[in-house]
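These notes concern the structure reproduced below.
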Amino acid sequence: MIPFLAASACLLAITLGYAALCAASPFGQCRRCDGLGFALTQTRKGKPKRGKTCRRCNGHGIRIRAGRWLYNRAARIHRDGTR
């Protein structure tokens, strides 16, 4: 019974921590371009050069976190259902 309680407490702490992160900082860096907004390309001389804008984030360099996306979706459904 003790391992079950410890696992439940650990899972609850991780969930609440992620919820607090999503509330404090709803946006994170884009995974594809690492927050730059564009892809780096190499030139012949080996110097990095700015490439095309990132298609995933449209050149902004940020993305919405999954937890915040779920919260926004649930809030929109609740708001539309209670009008």
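Tell me which residues, restricted to region 16-30, are in contact with a Lys or Arg (Cβ under 7 Å, 6 or more places away or on another chain) and open to solvent by 40 Å² or more (accessible area, probe 1.4 Å).
Phe27
List pairs: first in region 71-83 and at negative phi, second hydrophobic (A, V, I, L, M, F, W, C) and open to solvent by less than 100 Å² (accessible area, probe 1.4 Å), Cβ under 7 Å, 6+ apart or cross-chain?
Filtered contacts from region 71-83: Tyr71/Cys22.
Asn58 fails exactly one of the following numbered conditions: (1) open to solvent by less than 100 Å² (accessible area, probe 1.4 Å); (2) at pLDDT 85 or above; (3) more than 22 Å from Ala24 (Cα to Cα). What is the number of that condition?
The single condition Asn58 does not satisfy is (1).
Would you mind stating whether Ala19 is at pLDDT 85 or above, in contact with a Gly (Cβ under 8 Å, 6 or more places away or on another chain) and either assigned to a helix (DSSP H, G or I) or not hydroxyl-bearing (Ser, Thr, Tyr) (or both)?
Yes.
The values are calculated or read from the model by the stated rules, or taken from the named source; none is laboratory data. What you see is a predicted model, and the numbers here were worked out from it, not measured in a lab. Counting neighbours? That spans all protein chains shown, and the Cβs are built from the backbone with ideal geometry, glycine included. Quick note on the areas: whole protein, heavy atoms, side chains included, nothing else; ligands and nucleic acids left out. Shrake-Rupley method; radii C 1.70, N 1.55, O 1.52, S 1.80 Å.
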